[in-house]
1. 7 Å from Cα along Cα→Cβ at both ARG108 and SER53: what's the point-to-point distance in nm?
2. Size of the dipole of the stretch 1-119 about the Cα centre, Lys and Arg at +1 and Asp and Glu at -1 on the beta carbon, nothing else charged, in debye to 20?
3. Need the full-extension length gain, ALA23 to ALA84, defined as separation in residues times 0.36 nm minus the C-alpha distance. One decimal, nm.
4. Using mean Cβ contacts within 10 Å as the protection proxy, how do 65-75, 92-102 order, highest first?
Amino acid sequence: MKRGRKPKSVAELELTGSWRAKARKNQPIATGLPVRPDYLTGESAAMFNRLVSELNKLGINIGAIDSDALSRYVELTFLYRKAADFISENGAAIKLKNKAGQTYVKRRPELSFLLSLAPILLNLENQFGLTPSARTSLHIQTPPPANPLDGLMGRQRSNVKLLTDSNNGG
């Protein structure tokens with residue numbers, strides 16, 4: 001297991017003015033959009049599509065190469081939800097009897113499963129910027145608006161109608 005800080009992306013290094021940004025100019029950039037696997041259907045397919053859409057809106061560079069990692073996150077999330085629902089309905093512990101007939105309480109296997117999934121999900125969430133703290137380390141440059149006035153007005157240019165002679169009937 002590696003120790004120390006995670007390496008920064010070229011964009012982060014450029015923002016801080018580091019000389020290392022020039023040394024890492026060949027950092028790969030994901031292309032295309034993640035492709036939803038056929039085995040994700042129903043709610044899991046909808047979650048996959050929503051994640052791709054939201055990550056793109058945030059400007060996070062995800063591509064076709066990230067399809068497996070995203071689908072793994074969706075699958076594990078649904079397993080986590082099933083285990084959580086089961087525990088909500090049936091409780092976190094079960095009563096058992098030993099050979100002597102004494103009753104004792106034991107943690108449900110589903111709870112152990114749920115607790116083992118939590119750090120795996122958190123790791124994936126951090127890698128994709130799906131937690132507030134993970135997003136603080138992302139430095140995303142948003143493209144400037146096409147017209148500087150559009151950015152100031154907070155609306156799209158297509159929503160603004162200009163009065164011209166043709167609109168006034170003259």
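Bear in mind these aren't lab numbers, they're just calculated from the coordinates by the rules spelled out. It should be emphasised that the depicted structure is a prediction, and the values quoted were computed from it without experimental measurement. No Cβ is skipped: glycine too gets one built from the backbone with ideal geometry, and neighbour counts run over all protein chains shown.
1. 3.3 nm
2. 800 debye
3. Numbers: separation 61, 0.36 × 61 = 21.96 nm, distance 4.66 nm.
17.3 nm is the gain from fully extending ALA23 to ALA84.
4. Working: 65-75: 17.6, 92-102: 9.0.
Going from most to least packed, we get 65-75, 92-102.
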